[in-house]
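No lab work stands behind these numbers, since they all come straight from the coordinates. Worth saying up front: this structure is predicted, and the values here are computed from it rather than measured. Note that each Cβ is placed from the backbone with ideal geometry, even for glycine, and that neighbours are counted across all protein chains shown.
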Amino acid sequence: MPRGVVVVTGAGGGVGRRLVRRLGQDRGLRRIVAVDRAVATWRDPRVEAHRLHLGRPQAFEALEAAFAGADTVVHLAFDADTERQAVRTRRLNLATTRQVLDAATAAGVRHLVVLSSATVYGAWANNPSPLTEDAPLRPNPDFAYAVQRAEVEQLVADWAGAEPGRRVAVLRPCTALAETGTGWLARALATAAVRRLGDDAEVWQFLHLDDLAAALDVARRARLDGPFNVAPDGWIPGSTVRALAGVPARPQVPVWLAVLVAHVGWRVRRGPMPPGLLPYVTTTWVVANDRLRAVGWEPSRTNEQAFVAGTPGPWWTVVTPKRRQELALGGLVVSSIALPALVVGGVRRLIRGRRRRSTGAS
């Protein structure tokens, strides 16, 4: 039976903070252990903060002590660099996961909840739509983020299979964003959806971070085992995304041009999208959420609501009422100056024209 202690690694991130606050609503928890590299403060007295760099071997003893007595460890820590330092991030992410698993073994933890990503399925033309948890993991090899997520999944699967009774729930969310806490990957994908780099059949999924935190909590409460996709019901076409973003209709960007621009922009450090991400922009990879719904999770926001919440709107939606009045007043002032000037100018041109005609006739 649960002993009322939950550990969250990566607790200072966007989803980590949301999860810790959500755990605070569970009065049955005796202790909530928040582990992160950065210093964090929490109002709940039950939250025990540990500042640890999980990828460093010297942090093992402190991590083992933090795991002591825990019935579930929620592993969120993952260095999602912008693909520019893939070798470093791979070494760090694998070392972090191995150390978490070793500490869990030493502390006798029997249940893990691990955050992964739906990108592990890969973006391929022959993907079923939607993808279910039975689909094989085929991350696109040029996209280091997805490859590393799949490698982490393999590590935790090996850990679960090494001893009877261990349970590991792996959550694979679609593009997750929110008003605060959105990472570079979600921002890049949302930007790509607005720019229309895919074809007319492109579809998108957007998950709010609050719903992702709720899914992690469900996995913790129900002591789930195995993979679970996390996404709202259904998906939306790219035309809807662009309408929500308030951008005018625009022609589709040819794939070859998008590839060229991505490579050049990434090389000169001007482009927000690594070339390895392009297949995830031009190929459908939406996921089904039936399995997670069957255990009690329900999304509180639609794809549309999550996208609007996590992306900046058109400039006119963020202008204050006072600024709108100033802009309107400025328009009236310009009109009051420009209109008489136009009238005077027109009269002068008319008089000149008549003078020229009269001169020519004489």
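Other residues within the sphere of radius under 15 Å centred on the Cβ of GLY165, judged by their own Cβ, net out at +1 (K and R +1, D and E -1).
Annotation for GLU304 and ASP225: the two label points, set 7 Å from Cα along the Cα-Cβ direction, are 4.1 nm apart.
Would you tally the net charge around ALA231, using a Cβ to Cβ cut-off of less than 15 Å, leaving ALA231 out, and scoring K and R as +1, D and E as -1? Working shown, then result.
Numbers: positive: ARG172, ARG291, ARG293, ARG301; negative: GLU133, ASP210, ASP211, ASP233, ASP290, GLU298, GLU304.
The answer is -3.
Tell me the net charge near ALA59. Cut-off is 14 Å between Cβ atoms, ALA59 excluded, with +1 for each Lys or Arg and -1 for each Asp or Glu. Once all neighbours under 14 Å are counted, the net charge is 0. Among rounded, prolate and oblate, which fits the range 1-149 when a ≥ b ≥ c are the square roots of the eigenvalues of its C-alpha gyration tensor, a/c under 1.5 means rounded, and a/b larger than b/c means prolate? Note, shape of the range 1-149 comes out prolate. Across the range 23-100, the volume of the C-alpha convex hull divided among the residues equals 106 Å³ per residue.
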